[in-house]
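Some notes on the structure that comes next.
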Amino acid sequence: LAKTTQPISMDSYEGQEVNITCSHNNIATNDYITWYQQFPSQGPRFIIQGYKTKVTNEVASLFIPADRKSSTLSLPRVSLSDTAVYYCLVGPMDSSYKLIFGSGTRLLVRP
Amino acid sequence: SQTIHQWPATLVQPVGSPLSLECTVEGTSNPNLYWYRQAAGRGLQLLFYSVGIGQISSEVPQNLSASRPQDRQFILSSKKLLLSDSGFYLCAWSRGAGDYGYTFGSGTRLTVV
């Protein structure tokens with residue numbers, strides 16, 4: 001699986017848009033980009049997945065530039081309940097037997 | 001719909017005692033099953049995964065073992081717990097190759113004293 005690099009922590013305030021960027025310089029042609037969210041004392045939860053350009057669902061948007069060497073998870077108008085750790089994972093869809101999580105980005109949303 | 005059950009939620013065990021954590025999945029067949037551990041303030045570490053009954057792959061050598069006696073049952077065991085086994089244990093399932101949408105259980109917080 002491709003190595004990913006993301007900020008250790010980020011701070012934001014309620015109502016703001018939060019963008020978390022993940023670098024994956026050695027992403028392979030058949031790799032997809034997946035983001036998970038983990039609240040304290042809970043298991044991670046799948047948020048969004050994409051291959052290129054932009055993907056949007058009811059929770060977040062994922063922006064992937066043409067070279068795919070990075071991706072940005074965008075959370076619109078965050079609330080206190082968005083305080084969590086966010087993980088970026090990169091790997092092929094044809095052999096996803098095991099997800100390997102990095103340290104993630106700890107997002108703190110303040111009132 | 002699919003659900004995953006994991007128990008117990010919390011467990012306090014003395015050093016040297018055995019361990020058995022159980023995880024079951026409902027609403028699907030032949031899932032891939034996983035055990036992860038998260039030490040306090042740390043990331044998730046994949047311990048074991050299974051793609052079928054009796055098929056177990058270990059990611060990290062340790063005094064833990066896993067078994068899959070039935071299609072939707074995954075058990076994490078230890079014969080003698082160490083202090084370093086303390087942590088938050090999570091079971092997860094997926095549909096297999098091509099599925100990155102893992103579903104995690106609610107976790108077991110194990111404290112070895």
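Computed from the coordinates by the stated procedures, all read-outs in this text should not be read as laboratory data. Predicted, not measured: the structure shown is a model, and the values here were computed from it. Note: ideal-geometry Cβ built from the backbone for every residue, glycine included; neighbour counts use all protein chains shown.
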Only Cα pairs under 8 Å and at least 6 apart count here; give the relative contact order of chain B as a rounded whole percent.
36 percent
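Give me a single rounded figure for B:46-56: the average over its residues of other chain Cβ atoms within 10 Å of their Cβ. Can you show the working numbers first?
Working: counts 4, 0, 1, 3, 1, 2, 0, 0, 0, 0, 0.
Counting Cβ atoms of other protein chains within 10 Å of each residue's Cβ and averaging gives 1.
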Cα→Cβ-extended label distance, 7 Å offset, between B:Thr28 and A:Met93, nm:
1.7 nm
Each label point is 7 Å from the Cα along the Cα-to-Cβ direction; what then is the distance between the points at A:Lys52 and B:Lys80, in nm?
5.7 nm
Between the alpha carbon centres of region A:43-83 and region B:63-77 the gap in Å comes to 34 Å
Interchain or sequence-distant (5+) residues whose placed amide H lies within less than 5 Å of the amide H of A:Glu14 are A:Arg110
Within region A:1-19, whose backbone N sits under 14 Å from a point 7 Å along Cα→Cβ of A:Ala28?
A:1-3
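Do any GluC sites (Glu not before Pro) in region B:5-113 lie in a DSSP loop with no more than 15 other beta carbon atoms within 10 Å, and if so, which?
Details: sites: B:Glu22, B:Glu26, B:Glu59; in loops: B:Glu59.
Hits after loop and neighbour filter: B:Glu59.
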Label A:Arg106 and B:Asp99 with points 7 Å out from Cα along Cα→Cβ: what is the distance between them in nm?
3.3 nm
